[in-house]
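Peer 1: A single structure is presented below for examination.
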Amino acid sequence: MALEIKQSLKLSQQLVMTPQLQQAIKLLQLNRLELADVVNQELMENPLLEEVAETIDNPEGLEAGERAASSDPTVDAPASETTTGDEFAVRKDQQEKLLNGKEEFDWEAYVEDVNQNSTMPSVRMNTEDLPSFENILTKTTTLTDHLLWQLSLSTFTDEERKLGEMIIGNLSEDGYLPIPVEDIAREANVDAEDAAEVLKMMQKFDPLGVCSRNLQECLQTQAEFLKPRNELVEKIIATHLPDLERKNYQNVARALGISMDEVIVATKIILEFEPKPGRSFMASDNTQYITPDIYVYKVGGEFVITLNEDGMPKLRVSSYYKNVLQSAKQDGNVTKEYIQDKLRAAVWLIRSIHNRQKTIYKVTESIVKHQRDFFDKGVGYLKPMILKDVAADIGMHESTVSRVTTNKFVHTPVGIFELKYFFNSSISSADGGADIASEAVKEKIRQMVSKEDPTKPLSDQRIVELLRAENIDIARRTVAKYRDMLGILSSSKRKKVF
């Protein structure tokens, strides 16, 4: 058989992930802070991109062509509290024109406009009355810092202080020591008995009970500092802590040969102890502040959606490089190609940010349309909804909707929610009617528990019965799962006898 080399023509279609497409997809899933970081990075790397400084003396005195292209050049910033209904109507009309395709943004004209304008005026701020940089610095004291400070004031030897530093370095956020002290002693070349003594002394540091190895040891340390000391409290902690957890006070009274009243008094004292010594130092570290990406206002019976542009850099293409690009014909093709590449990158970035904002708007608009009762009445009226519902409504793929709703928050008349919050599974109604959103069922469970009699808490089965009375068909194990997700203890652990 002879071998031949032949040429053939074949046509096929395939999706190519260009760098520009990858950038657009990446921008979709970024939150506001991450997007601002990306924009600032591009500002440093691309000389054709400029951030327009917002002036104070004459903010309205700029020509129309001199105004900057923000992340969405056609959508205004969030309305203030004094925004009128007419202003909302104008903004809503502009946004609807954009989203319906009646008003397309002319990117080529935009580049031409910004290249024809003069340099933006600069603003010099008076910094004489501002505090010095050193006076505005601050540092939060951590649990580690607090304990190391106390360790430095102790009378420990150098070897014991080294051991103490290793103990502090191995503490959990709650202030507990999760590993055996013998292992730390071996690493520090300290006798195990001496290490146990050092640990016991460190458990008396502030906060009391820190460096404990378990809850019992933590509570026992705090009980030892009661003035006057209460032997009954210490005995209950030492021998009947599991009974306290199960609220089995009768068993404690019977085992210790005391009355229920004495058990209740001692239990009240124990409940005042801190089970997590490091809690006060965790609060400042775990605080999270949320800035909404989009606002939903109700004006005149209609919901108005406004994108949050506050703090986002305003971008435009530098007018300086128009002359450079024209003169590049004389200098050679290398300079010209470089500037053209940077120009395309700058325009693509602005377009990608614009499309990102437009997509967020369209997704939020669809959510408002599907969840009208939620925005009017609250969480109890949330309807079942999946990504496919919104994707079909706005003509986009489900993956795009998923990216847009990741780490994006919306401010609504009933609170601030992540966009993903509105997508949830459904629970069947008992009579075969309309399904109910799982989040709405969780809210009903939360309200039932908040209104229950503490001496007779609702069991999971009882919650099932109450929900069925409201036409919600749900299994007991589902109630238990939702209760755990809400951080609600079981009925036996919620029960109070005093």
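Peer 1: Out of all the residues in region 481-493, which are more than 18 Å from Pro384 (Cα to Cα) and crowded, with 16+ Cβ neighbours inside 10 Å?
Peer 2: Selection gives Arg483, Ile488, Ser491.
Peer 1: Could you list, in sequence order, the residues of region 215-239 that are under 21 Å from Ser259 (Cβ atoms), basic (Lys, Arg) and exposed (fewer than 15 other Cβ atoms within 10 Å of the Cβ)?
Peer 2: To start, the set of residues in region 215-239 that are under 21 Å from Ser259 (Cβ atoms) comprises 223, 226, 228-239.
Narrowing further to those that are basic (Lys, Arg): 229, 235.
Correct list: Arg229 only.
Peer 1: Tell me which of these Leu315 doesn't satisfy, since it passes every other one: (1) crowded, with 18+ Cβ neighbours inside 10 Å; (2) among the aliphatic types (A, V, I, L, M); (3) at pLDDT below 70.
Peer 2: Result: Leu315 fails condition (3) only.
Peer 1: Only one residue in Glu398, Glu443 is among the charged types (D, E, K, R) and assigned by TED's automatic domain parsing to the domain that holds Met485. Which one? So that I can check it myself, show each step before the final result.
Peer 2: Details: Glu398 fails: assigned by TED's automatic domain parsing to the domain that holds Met485.
Every option except Glu443 fails the conditions.
Peer 1: Taking the stated definitions as given, is Tyr361 in the same structural domain as Lys26 (by TED's automatic domain parsing) and either small (Gly, Ala, Ser) or surrounded by fewer than 20 Cβ atoms within 10 Å (Cβ to Cβ) (or both)?
Peer 2: Details: in the same structural domain as Lys26 (by TED's automatic domain parsing): yes; either small (Gly, Ala, Ser) or surrounded by fewer than 20 Cβ atoms within 10 Å (Cβ to Cβ) (or both): no.
The answer is no for Tyr361.
Peer 1: Among residues belonging to region 214-261 that are of a type in the set (Asp, Glu) and without any contact (Cβ under 8 Å) to a residue 24 or more places away in the chain, point out the one that is farthest from Pro277 (Cα to Cα).
Peer 2: Within region 214-261, the match that is farthest from Pro277 (Cα to Cα) is Asp261.
Peer 1: Tell me whether region 442-464 contains one or more residues that are of a type in the set (Val, Ile, Thr) and part of a loop (DSSP other than H, G, I, E, B).
Peer 2: So far as region 442-464 goes, yes, one or more of its residues are of a type in the set (Val, Ile, Thr) and part of a loop (DSSP other than H, G, I, E, B).
Peer 1: Go through (1) touching an Asp or Glu at 6+ places or on another chain (Cβ under 9 Å); (2) among the polar types (S, T, N, Q); (3) surrounded by fewer than 18 Cβ atoms within 10 Å (Cβ to Cβ); (4) under 22 Å from Gln29 (Cβ atoms) and name the single condition Ser429 misses.
Peer 2: (4)
Peer 1: Restrict the check to region 455-472 and report whether at least one residue is surrounded by fewer than 16 Cβ atoms within 10 Å (Cβ to Cβ), under 24 Å from Phe422 (Cβ atoms) and in contact (Cβ under 8 Å) with a residue 40 or more places away in the chain.
Peer 2: Scanning region 455-472, I find at least one residue that is surrounded by fewer than 16 Cβ atoms within 10 Å (Cβ to Cβ), under 24 Å from Phe422 (Cβ atoms) and in contact (Cβ under 8 Å) with a residue 40 or more places away in the chain, so the answer is yes.
Peer 1: Another question about this same structure. Can you find, within region 364-416, the residue that is surrounded by the most Cβ atoms within 10 Å (Cβ to Cβ) among those that are over 28 Å from Ile445 (Cα atoms), of a type in the set (Val, Ile, Thr) and under 23 Å from the mean Cα position of the chain (by Cα)?
Peer 2: Val401
Peer 1: Select from region 211-237 the residues that are more than 43 Å from the chain's Cα centre (by Cα) and assigned to a helix (DSSP H, G or I) and list them in ascending order. Please lay out each step first, then the result.
Peer 2: Our first condition is that a residue be more than 43 Å from the chain's Cα centre (by Cα); within region 211-237, this holds for 227-232, 235.
Matches in region 211-237: Glu231, Leu232, Lys235.
Peer 1: Separate question: Looking only at residues that are in contact with a strand residue (DSSP E or B) (Cβ under 6 Å, 6 or more places away or on another chain), not aliphatic (A, V, I, L, M) and not in a helix (DSSP H, G or I) in region 367-386, which one is nearest to Val401 (Cα to Cα)?
Peer 2: Pro384
The values are calculated or read from the model by the stated rules, or taken from the named source; none is laboratory data. Quick caveat, the model's predicted, so the values are computed rather than measured. Heads up, the Cβs are rebuilt from the backbone with ideal geometry, glycines too, and the neighbour counts pull from every protein chain shown.
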